[in-house]
1. Among the residues of the range 54-65, are any under 10 Å from the mean Cα position of the chain (by Cα) and under 14 Å from Gly113 (Cβ atoms)?
2. Cβ-Cβ below 7 Å, separation at least six or inter-chain, first residue in the range 32-61 and modelled with pLDDT under 95, second part of a helix (DSSP H, G or I): which pairs?
3. One residue is enough: does the range 113-121 have a residue meeting the conditions in contact with a Phe, Trp or Tyr (Cβ under 8 Å, 6 or more places away or on another chain), surrounded by 13 or more Cβ atoms within 10 Å (Cβ to Cβ) and under 30 Å from Ala81 (Cβ atoms)?
4. Under 21 Å from His146 (Cβ atoms) and either exposed (fewer than 12 other Cβ atoms within 10 Å of the Cβ) or without any contact (Cβ under 8 Å) to a residue 24 or more places away in the chain (or both) - does that describe any residue in the range 64-76?
5. Among the residues of the range 14-53 satisfying the criterion of being over 15 Å from the mean Cα position of the chain (by Cα) and among the charged types (D, E, K, R), which is surrounded by the most Cβ atoms within 10 Å (Cβ to Cβ)?
Amino acid sequence: MSTAMGRIVKQVSEGTTKYYWYPGDKKEWIRAAVAVGVGLAAFGLLMLFVRDVLLATVVGTSVTAVVAGANFGRRDARALAGFPDLSDRAARRAVAGQAGKAVWRGFAHGLGGAAAAVLILNLPHRGIIADWVLPVVPAVAGALAHQAGMLYEQLTASASTAGPAASAPAAPTPEPALSK
């Protein structure tokens with residue numbers, strides 16, 4: 001089980017150690033940095049070859065939204081799979097903690113889609129496509145990737161578990177009768 005807080009330890013002097021706490025897991029921060037890095041790389045490559053800021057921004061923000069959405073979807077699917085029976089009071093508190101994390105992921109995902117839309121709307125291009133269609137492309141791509149991430153996690157979890165046929169003992173095969 002992952003912890004809710006990460007920690008960076010720095011040895012300042014022989015007798016002094018400083019601890020820096022940050023929210024979340026280091027692994028998730030690395031995944032977020034990879035999502036932003038891949039989006040920036042897509043933006044940079046398109047600007048280098050196509051030199052269209054609108055296209056590069058839409059593709060760069062969409063790539064970031066897809067990578068982040070897939071990661072969020074996988075995390076949400078794992079959290080849903082670990083939901084306990086809600087008849088126990090301690091289990092209800094654990095679910096409340098997981099729900100809080102899901103709300104935070106939803107807020108971050110929604111904020112990313114809204115920020116991408118504002119960024120695209122403030123570019124110098126005008127027209128129906130540039131003003132009404134392209135701003136929603138990153139949010140839609142991220143939402144579809146979120147669903148794909150959840151589906152992927154469910155498929156890999158179901159493929160790795162033994163089904164009813166694997167758990168049932170094999171019936172003995174009757175031996176053929178020997179005739180004289």
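The values are calculated or read from the model by the stated rules, or taken from the named source; none is laboratory data. The model shown is predicted, which means the values in this text are computed figures rather than measured ones. Here the Cβ is made from the backbone with ideal geometry for all residues, glycine too, and neighbour counts use every protein chain on show.
1. Scanning the range 54-65 turns up at least one residue that is under 10 Å from the mean Cα position of the chain (by Cα) and under 14 Å from Gly113 (Cβ atoms).
2. Ala32/Ala68
3. No, the range 113-121 contains no residue that is in contact with a Phe, Trp or Tyr (Cβ under 8 Å, 6 or more places away or on another chain), surrounded by 13 or more Cβ atoms within 10 Å (Cβ to Cβ) and under 30 Å from Ala81 (Cβ atoms).
4. Looking for residues that are under 21 Å from His146 (Cβ atoms) and either exposed (fewer than 12 other Cβ atoms within 10 Å of the Cβ) or without any contact (Cβ under 8 Å) to a residue 24 or more places away in the chain (or both), one finds none in the range 64-76, hence no.
5. Asp52
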